[in-house]
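Inspection log for the structure reproduced underneath, given as structure tokens.
The values are calculated or read from the model by the stated rules, or taken from the named source; none is laboratory data. Keep in mind it's a predicted model, so treat the numbers as computed, not measured. Because the Cβ atoms are built from the backbone with ideal geometry, glycine has one as well, and the counts that use them run over all protein chains shown.
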Amino acid sequence: MIRMLIFRLVLFLVPFGLYGLYLFLVHRSNPNRPATPWTVLFIAGLLLVVGSFVYTGLADKDVHQGVYVPPHAVDGKIVPGHFSGDDPPP
């Protein structure tokens, strides 16, 4: 979960990093740089994050069929959680 959050944070920061690299490479000899387009960078970052959510939703298919049965105790032994369509674990 934390990996996904960090990945999405990096995706959001990509436009800012690219713009910073652009400023460093193109305008390093020119001290008069243009105003930073914060709104455009913010929207571009949001679009990348939303695109990652859409891609994840379309690409990650749920392979389990049936209803989830949570862990429970049977005859003093704990039966792990499973999906009702799957074979129960031994």
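Just to check your reading of the model, which residue among Val49, Val79 is in contact with a Lys or Arg (Cβ under 8 Å, 6 or more places away or on another chain) and surrounded by 11 or more Cβ atoms within 10 Å (Cβ to Cβ)? Break it down into steps so the answer makes sense when it comes.
Numbers: Val79 fails: in contact with a Lys or Arg (Cβ under 8 Å, 6 or more places away or on another chain).
Testing whether each residue is in contact with a Lys or Arg (Cβ under 8 Å, 6 or more places away or on another chain) and surrounded by 11 or more Cβ atoms within 10 Å (Cβ to Cβ) leaves just Val49.
Of all residue pairs spaced 6 or more apart or on separate chains, none has beta-carbon atoms under 8 Å together with a first member in region 15-30 that is not assigned by TED's automatic domain parsing to the domain that holds Leu47 and of a type in the set (A, V, I, L, M) and a second member that is surrounded by 10 or more Cβ atoms within 10 Å (Cβ to Cβ) and part of a loop (DSSP other than H, G, I, E, B). Take Gly85 and decide whether it is part of a loop (DSSP other than H, G, I, E, B) and in contact (Cβ under 8 Å) with a residue 12 or more places away in the chain. Yes, satisfied. Among the residues of region 47-90, which ones are of a type in the set (Asp, Glu) and either modelled with pLDDT of 85 or more or more than 29 Å from Ile6 (Cα to Cα) (or both)? If the condition is that a residue be of a type in the set (Asp, Glu) and either modelled with pLDDT of 85 or more or more than 29 Å from Ile6 (Cα to Cα) (or both), then Asp75, Asp86, Asp87 are the ones that fit.
Checking the condition surrounded by 11 or more Cβ atoms within 10 Å (Cβ to Cβ) and out of contact with any Ser or Thr (no Cβ under 8 Å at 6 or more places or on another chain), which residue from Leu21, Leu41 passes? Before you say what the answer is, go through the steps one by one.
Details: Leu21 fails: surrounded by 11 or more Cβ atoms within 10 Å (Cβ to Cβ).
Within the list Leu21, Leu41, the selection yields Leu41.
Looking at this structure, is Lys77 under 27 Å from the mean Cα position of the chain (by Cα) and of a type in the set (D, E, K, R)? When the stated conditions are applied, Lys77 does not pass them. Is one or more of the residues making up region 4-12 within 30 Å of Phe83 (Cβ to Cβ) and modelled with pLDDT under 90? There is at least one residue in region 4-12 that is within 30 Å of Phe83 (Cβ to Cβ) and modelled with pLDDT under 90.
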